[in-house]
Structure formats: structure tokens, C-alpha cells
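Written out below as C-alpha cells is the structure these notes cover.
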Amino acid sequence: MVKVLLADDETIFTLPVGDFLEDEGFEVVRVASAVEVLDRAAAADVLVIDARLPSSKYEGVDSVGKLLRSNRIRKDVPIIFISVDPDTDEGPAAALQQCKIPAGRYRWLTKPFEHTRLATTINSELTRLRGNHGH
């Protein structure tokens, strides 16, 4: 079973999204902070991370940057950032660049989105990064 780490500080979001993903056959671990992301990401097969976790404006992006720099996640682990409109300021692009997260290594979904879109994105990223070789 594919383990999804779902990181968002809003339970009103993580509860229904996590339940939907579980109904789709994923194992979901819900966390609400960057510290928990850093602690639990190594065991995940997919990261779905709110770019704007509560401690700082782009703490979700920063935590993923730390994981990548320290090789604490595998190269075949999809990274899907979720947040409000990333085009409202230069923040997300600057944060991604500052944290040295290479283009092509992540996808971005803008809230709100259909739960089916997240499941489709997860599956397409798993296929893209792992091919047909499995895990």
C-alpha cells in the first residue's frame, strides 16, 4: 500500500482529503507541522505538503528542501505542494529556488481542488518517477 504523508495545519482540509485518499486505497499519515514532516517523511511514498505551514510563510517548502539536501527521501518519492494561489506573489517561486528544489521534482496544486485531482496527480507522479518498476 502506498503511504501518503499529508501535511497541512488545517484539519478541515486534512480530514476529508485524507479520508478520500484512504477510500482510494492509500495509507494516509496526517501531520500539521514542518517538524512532523521532517520526522515522518522518510517512511512516506508520497509527500503532499502545504507550502505554507504555520510557523513561517513557506515552511512546507523549506522542510522539503531540508529533506532533499540531506537525502532523507528517495528520488522516486513524489512531492506535491498544495497551497492557495501561488501566483499572488513571488513567494513560492522564490522559496522553491532558495531551498534548491529543482523544477520537475515537484508538482503544485492550488487550493481548493477536487480530491480526485489529487489522487490522479499522485498516481501520475508515481508512474512518472517510478515507471512500471514498482517500489
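The values are calculated or read from the model by the stated rules, or taken from the named source; none is laboratory data. Not measured: the values here are computed from a predicted model. Because the Cβ atoms are built from the backbone with ideal geometry, glycine has one as well, and the counts that use them run over all protein chains shown.
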(message) Against the condition modelled with pLDDT of 85 or more, out of contact with any Lys or Arg (no Cβ under 7 Å at 6 or more places or on another chain), farther than 26 Å from ASP23 by Cα and of a type in the set (Asp, Glu), how does ASP62 come out, does it pass?
(response) yes
(message) Could you check segment 56-70 and list, in sequence order, the residues that are part of a loop (DSSP other than H, G, I, E, B) and not polar (S, T, N, Q)?
(response) LYS57, TYR58
(request) Could you please tell me which pairs satisfy a Cβ distance under 8 Å, a separation of 6+ or placement on different chains, a first residue in segment 100-112 that is over 13 Å from PRO78 (Cα atoms), and a second residue that is surrounded by fewer than 14 Cβ atoms within 10 Å (Cβ to Cβ) and of a type in the set (Asp, Glu)? (result) THR110/ASP85
(request) Give LEU47, LEU38, LEU53, LEU5 a once-over and let me know the one that is in contact (Cβ under 8 Å) with a residue 12 or more places away in the chain and either assigned to a helix (DSSP H, G or I) or charged (D, E, K, R) (or both). (result) LEU38
(request) Scan segment 96-120 for residues that are of a type outside the set (A, V, I, L, M, F, W, C), within 21 Å of SER63 (Cα to Cα) and surrounded by 11 or more Cβ atoms within 10 Å (Cβ to Cβ) and report the count. (result) 7
(message) Taking the conditions exactly as written (closer than 26 Å to ARG128 by Cα, over 12 Å from the mean Cα position of the chain (by Cα), crowded, with 16+ Cβ neighbours inside 10 Å and at pLDDT below 95), does LEU68 satisfy them or not?
(response) yes
(request) Out of the residues in segment 1-59 that are under 21 Å from GLN98 (Cα atoms) and of a type in the set (Val, Ile, Thr), state the one that is surrounded by the fewest Cβ atoms within 10 Å (Cβ to Cβ). (result) VAL35
(request) Go through segment 76-121 and give me each residue that's assigned to a helix (DSSP H, G or I) and at pLDDT 90 or above. (result) HIS115, THR116, ARG117, LEU118, ALA119, THR120, THR121
(message) So, ILE73, is that one within 23 Å of ARG128 (Cα to Cα), at pLDDT 80 or above and in a strand (DSSP E or B) or not?
(response) no
